[in-house]
Amino acid sequence: MGGEPLLHVHMGRRARLLALAVEVGAGDSADAAAGKRAAERCPAMTGQREHAEHEDTFIHPLLRERDPVAADALDAEHLRLGAAIAALDDRARAFPAAPPTPAPRRSTRSTWR
């Protein structure tokens, strides 16, 4: 069995984040209700920080006993991810509930002749 349970947990977390990214990306920016739903769901999906803290507390000490090199690599990855997760969390909490004013459209006509 090995690390398979951890693999499945992480794959599930990634799948939920990807589904949210697709949903938000496919949303109609003019639909205020869709924007509000996305704004409500985004912070809920940034529980990555709590997940990493749980791993740091319970999983990494056990791993360190068996494979210190792998534990060091995971510690470094969690430090890198910590900054990314904090930025994602901040952006998710700031996600607008109301649609932004669209930017003026640029011409798609080629300037090459």
Scanning the stretch 54-76 for residues that are closer than 30 Å to VAL22 by Cβ, open to solvent by 50 Å² or more (accessible area, probe 1.4 Å) and either among the β-branched types (Val, Ile, Thr) or in contact with a helix residue (DSSP H, G or I) (Cβ under 9 Å, 6 or more places away or on another chain) (or both) gives ASP56, ILE59, LEU74
Search the stretch 1-16 for residues being in a loop (DSSP other than H, G, I, E, B) and among the small types (Gly, Ala, Ser), and hand back the single one that is surrounded by the fewest Cβ atoms within 10 Å (Cβ to Cβ). GLY2
Residue hits (the stretch 17-28; exposed (fewer than 14 other Cβ atoms within 10 Å of the Cβ) and part of a loop (DSSP other than H, G, I, E, B)) are ASP28
Check whether at least one residue in the stretch 92-109 is assigned to a loop (DSSP other than H, G, I, E, B), modelled with pLDDT of 70 or more, open to solvent by 60 Å² or more (accessible area, probe 1.4 Å) and not acidic (Asp, Glu), and report yes or no. yes
List pairs: first residue in the stretch 53-77 and in contact (Cβ under 8 Å) with a residue 24 or more places away in the chain, second residue assigned to a helix (DSSP H, G or I) and surrounded by 14 or more Cβ atoms within 10 Å (Cβ to Cβ) anywhere in the structure, Cβ distance under 9 angstrom, at least six positions apart or on different chains. ILE59/LEU74
When the stretch 77-86 is examined, which residues are found to be exposed (fewer than 14 other Cβ atoms within 10 Å of the Cβ) and either within 20 Å of ALA15 (Cα to Cα) or aromatic (Phe, Trp, Tyr) (or both)? GLU77, ALA84, ALA86
Collect the residues in the stretch 34-52 that are within 15 Å of VAL9 (Cα to Cα) and part of a helix (DSSP H, G or I), keeping them in residue-number order. GLN48, ARG49, GLU50, HIS51, ALA52
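The values are calculated or read from the model by the stated rules, or taken from the named source; none is laboratory data. The structure displayed is predicted, hence computed values, not measured ones. Every residue, glycine as well, gets a Cβ built from its backbone with ideal geometry; the counts of neighbours run over all protein chains shown. Quick note on the areas: whole protein, heavy atoms, side chains included, nothing else; ligands and nucleic acids left out. Shrake-Rupley method; radii C 1.70, N 1.55, O 1.52, S 1.80 Å.
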